[in-house]
Amino acid sequence: MSRTPQDASREEQIKELEEVPEAIRVQIISGEDCDQLATACGEFGRAHTNPIPVNGAWGEFRYLNRLRCSCGAGLIFHRLGSLPVDGIFGNIDVFETVCLQGKHWDILCFHIYHPRRTSILPAGYSFSDFHPVFSKTTWAYGTNRRVSTFPWGLSPLIEMHIGGTLGPKFSRKYEGFVRDRARFRAPGSHIDRVNQVASSLRGYVTEPGTELNHASEIKQNFVSGKDSAKLTSQKQALVRAVIHGAILAISFFNPFGILIKLSILIVLLLLFGMVASSERFKGKL
Ligand SMILES: [Zn+2]
């Protein structure tokens, strides 16, 4: 384990929680301010009994985003599910990760009820250099849902999570990373571990919308704050589609509309003919 250079300040990390529903926010803020749980036992980040302390579900994203494997690459991730652990409040979340090089596969455990993210690392990882803007965003090649085809099939979730015009950009980049399928072959030992862990998980679901725990927090965030912009653009798109449909319907049923269009077309063709013949005339001179 090594010390991180920096992260957002404790105050900033508490501010990140503003959009979290009050009931969960209270539990997060009043949680243990620590790098490791007081009851921690086993390997940090990998044992269920020693999960990585973070501030809420988005804290998981922000922490995972900053991890770099020994290749120096970032991670693709999804949440396998959650499970209760004796002596730990709430559930712990279990994520499967693989680096963008397809080499390093892992299973990492998180505990979201802390006012700030831990400043320590699971063995084998380093933090990316802290960036005052990008290190605070939750844009990621990951999801907190379970994706049975992991590491493929994340595009719609990435787009939904990021939204706006950045969503498709991120998912295209992700598609580029996972295009070479042969590179993403999980070792047998990792597959065994996933199967073993999966059998003990709660909220081990394949259908979106049935997740347990803090899924409601994520959904709340989708319809509040930054995602409201996405909803507004969806509404605008709907309004545009309705207007286009109406125009099409009117022009289809309105014979005058067709007549007007035909006369415009004829005038344009005549103009084009005039220009073309004058060009030819010039050419002869
Ligand atoms: Zn790697």
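The values are calculated or read from the model by the stated rules, or taken from the named source; none is laboratory data. All figures in this text were calculated on a predicted structure; none of them were measured in a lab. No Cβ is skipped: glycine too gets one built from the backbone with ideal geometry, and neighbour counts run over all protein chains shown.
If the condition is being assigned to a strand (DSSP E or B), closer than 21 Å to ASP35 by Cα and in contact with a Phe, Trp or Tyr (Cβ under 6 Å, 6 or more places away or on another chain), then region 98-125 contributes LEU108, TYR113.
Against the list (1) within 22 Å of TRP58 (Cβ to Cβ); (2) of a type in the set (Val, Ile, Thr); (3) modelled with pLDDT of 90 or more, the condition ILE191 fails is (1). Before we move on, is ARG68 at pLDDT below 95, out of contact with any helix residue (DSSP H, G or I) (no Cβ under 9 Å at 6 or more places or on another chain) and closer than 22 Å to PRO132 by Cβ? Taking the combined requirement at face value, the residue does not satisfy it.
The set of residues from region 48-76 being within 16 Å of the ligand (Cβ to nearest atom), part of a strand (DSSP E or B) and touching a His at 6+ places or on another chain (Cβ under 9 Å) comprises just one member, LEU75.
Say we look at region 62-87 and pick out the residues that are surrounded by fewer than 21 Cβ atoms within 10 Å (Cβ to Cβ) and touching a Ser or Thr at 6+ places or on another chain (Cβ under 7 Å); which of these is nearest to GLY153 (Cα to Cα)? Looking at residues that are surrounded by fewer than 21 Cβ atoms within 10 Å (Cβ to Cβ) and touching a Ser or Thr at 6+ places or on another chain (Cβ under 7 Å), I get ARG68.
Within this structure, ASP93 fails the test of being part of a loop (DSSP other than H, G, I, E, B) and charged (D, E, K, R). With respect to (1) away from the ligand (no atom under 16 Å from the Cβ); (2) surrounded by fewer than 24 Cβ atoms within 10 Å (Cβ to Cβ); (3) of a type outside the set (Lys, Arg), the lone exception for CYS99 is condition (1).
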